[in-house]
Structures are given as structure tokens and as C-alpha cells.
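Bear in mind these aren't lab numbers, they're just calculated from the coordinates by the rules spelled out. These numbers come from a predicted model, not from an experiment. Neighbour counts are summed over all protein chains in view; Cβ atoms, including those assigned to glycine, are modelled from backbone coordinates with ideal geometry.
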Amino acid sequence: MQARQPNKRLRDLVRETTRPYGGLAAQVNQRARSKYGLDLTYKAPAVSQWINQGTRPRPDVQAIVAELLSEKLGRDMRAADIWPEEKHRSQVAAEYATLDGMDRRTVLFLIGEALGGLVIGAELERLTKPADGLAKADTAGVGVLQAGIANCRRLDDCFGSRAAARPALAQHQLVTKLLRRAQNEEIEQQLYASAAELSQLLGWLALDLNDAETARAHLYEALEAAHRADDDILGAYILGHLGIVSSENDRLSEALAYIFAAQSRAERAPRSTAHAWLWAVEAELRSLAGETTACLKALDRAQGVLDKVKPENAPAWIYFFDGAELASYRGACLEQLRRPQEARSVWEAVLASLQPSLVRDRAIYLTHLGATFLDEDELHEALTHLNKALSIATDTNSERAMRRVGQLKPQLVARWASEPAVIELGERLREAGGAA
């Protein structure tokens, strides 16, 4: 594994500013909080590591450092000038994180993000600029907002939760401002539905970043907004995610209680893919509890709903749930129920059919495929898939995917502690954890 080198470029720039490490760290925290709504707690040792050990802060922090140095030194600098692209960067994510096949709106949005949010930012500004004579939201404005939320979800799919967090937070702030103004009843209800979607998305992003408490707080906020929007199926979807958060903390009884509440609430709405998703989530929770019969029954019910659902009853926010996604739940259940060969055939089919742009999902699914080989003591095959998964997880900053690889490490060490390939995977995990 290639050792990191000191960042001489950053060292020289910081020396030129005559700013102490602690002072730079404090300014990074302040700028992140005041301008971007980020809660950072960097101190002098972190800056020292960036300079002397060559570690790389996450991309949004790199941009803030470049911004501060540009202001202090009076010349324009980009993050790429300070932290050039690493030559050894994994090619796995690059192979899948492409714009090929993506719809034009999403491409424009991603280009806009690369240019500082100019594309979507101009549209969102129209909603909140009284000087333009628009003191209230209108139908067209809500449509722009909905398109922005959909693009945030796609940004998460393609490039990970960190990439989606900032635009999602910006739109959440926008909706909050609009809801403080007097709106007609129809627009207000639509805005509350948008607020519920955004809070749910922020909860999901927080969970992917391994922050269960923040995720729970966002989801409670989402539940309240869904209630105000009188949207039962969206409320059920949010309850389902609260169940997932509980399961991540090994509180299975609580998780199932949330799912039962969600299914009850969903009964008030027409059958949709969201109903099938709730049955799939129940199935996975049942498998974690070792309840084979109940698990397989829930999977069958999910499939039955999905087979009969009408396209017009599929909410936009559950676009991801289809036959392939249900198959991923089946694979996870079979794996948990200790049926590795059946699970493997499912995971191989899921990965073969997965959209290339769904990068983070590929990382998660590869860990599951690797686990099926571990269960049958096939170390080489297991490590092949786990290393691919870790490369993608690192490139997309998905702490959930990294954690999933880490959960399999004890099983590896217990059997093959002295194997060089196992030791190397452990080193990669430590380095990925430090970067995260």
C-alpha cells in the first residue's frame, strides 16, 4: 500500500498566511457553519495531519479551505490546486459513476453543482426573491422544488450521501422559509409534502453517514410534515425508515413495531410500491430475528403487491423500488437465514441487472455477495468482492457501506488472521475510517 506524502503545497500556503493551524481550523468551522450550515469541529491536529501526513479532508472541507486561503492571499485557488487527484484512486467507482444514460435534467443539475449550484440555484432563487414580485410559492415553483428533490436523490444514488447533503439542506431551508409565509391551502399542503420528503431524505443521508440520532431527528420532523400534508403513504414510508434506524441499533422489537404502525397507516392509501417496500422491510427484520416462515411470507406478500400495483399509484419518492430491489431484499434475507448458495445466485443476478449509476448500492450488494463466499470458506472470492465494495464505499464516502465491510472483518480475522490479503483489507478499512 502506497504511503501518504506530506502536502507541501498546503504547508507553503499556510505559512504564507502566517496563520496558526488552530486558527485555520477555527475559521474552517466558522465558515462551514455560517455559510453552509455544517457543524464541524476541526482543531489544530487535523490541519497538522493534512499538511504533515498528507491526509485529505472530505471534498466540501477542501473547498472551504481553498476559499479561505484565496481570500487571505488575494488570489483564486481551487481545492484541486491544493489536493490534486490521487493517481491511485480506485477505478471501480469511476467505471460506474458516469453520466451515461442519465436523463437530461439530472445531467444539467450535476453540471450546475460542479459550477457552484448555478443551474438549480437560479431556479430556486426565483421562489424566494420578493423583488421579483413573488412573495408566495406557486404551482410552477413547487414543481421546480419537486424536481430539485428528485435530483438530490439521484445525486445520492450516483455519488453518495455527502454529495447530496448540501443541496438537500439548502432546499430544506427554502421550504422552511416558504412555509413561514401565508400560502393558499393547496400550495401549503404541497409544501408540507415537500418538507416531509426532504426531511426523510436528510434522515436517510444521516443514516448512511452513520449518525443514527440525527437520522431519527430528521425523520420525526418528516413525520410531522407528512401529517400536515395529510399524506398517509408518505407518513408510512417515514415510519418504515424509523424502523430501519432502530434495526441499525439492534432494537428489533422496536423496529418491527414501527413497521406494523407503517403498514397500518399505509392501509388508508391506494396500493402502491410503497406497500410492497414495507413488506420487504418487514421480511428483512424477520430474517434478522431468525423467523424463517414469517420472513418468507412477507417476501411473498411484497412480490404479490408489486405484481399488481398500478403505475399511477407509485409515488415519485419510491422510484428505486422495483423487482430488482425486491430481489436484493430476498438475497439479504436468504443470507441471514444461512442459505448462502441461494443468496449468492440472487445477489449475482441483482448485481448483473443493477443500473451502472447506482454506485453506493453496488458497494452494499458486493459486501453481501462476499459474505455468501465467507459462509462457505471461499476466502479469495470473498476478498475480491469485499475489496471492490470498499473501493466504491471510499470513493462515495458511504460510511454505511464501509461499516458493512467492517462488520465482516471479525469473521475474516477469526479464520485467516495471518493471511496477507486479510491484513491488507484491515489496513484499507482503517485508512478508509480515518478518511471518513
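Here are some notes:
- Whole-Hz couplings from phi, Karplus 6.51/-1.76/1.60, listed for segment 237-245; x for Gly and Pro: 4, 5, 4, x, 6, 4, x, 5, 4
- Scalar couplings 3J(HN,Hα) for segment 341-358, obtained by applying the Karplus form with A = 6.51, B = -1.76, C = 1.60 to θ = phi - 60°, are 5, 5, 5, 4, 5, 5, 5, 5, 5, 4, 5, 5, 9, 5, 4, x, 6, 7 Hz; x denotes Gly and Pro.
- Label point distance in nm, residue 248-residue 147, each placed 7 Å from Cα along Cα→Cβ: 3.1 nm
- Protection proxy ranking for 287-296, 252-261, 381-390, using the average of other Cβ atoms within 10 Å per residue and placing the highest first: 381-390, 252-261, 287-296.
- Pairs of Cα atoms in segment 181-252 fall into 10 Å distance bins, from 0 up to the last occupied one, in shares of 24, 47, 22, 6, 1 percent.
- Overall form of segment 335-414 per C-alpha gyration tensor (a/c, 1.5; a/b vs b/c): oblate
- Whole-Hz Karplus values for segment 247-253 come out as 5, 5, 9, 6, 10, 5, 4 Hz, taken residue by residue from phi with 6.51 cos²θ - 1.76 cosθ + 1.60 and θ = phi - 60°; glycine and proline positions read x.
- Selection from 293, 215, 199, by position along the positive dipole direction of segment 166-309 (Cβ): 199
- For residue 285, neighbours were defined as the other residues whose beta-carbon sits under 12 Å from its Cβ, and their charges (Lys and Arg +1, Asp and Glu -1) total -4.
- Multiplying the residue separation of residue 267 and residue 138 by 0.36 nm and subtracting their alpha-carbon distance yields 43.3 nm.
- Top positive-direction residue, dipole computed over segment 8-88 with Cβ charges, set 27, 61, 80: 27
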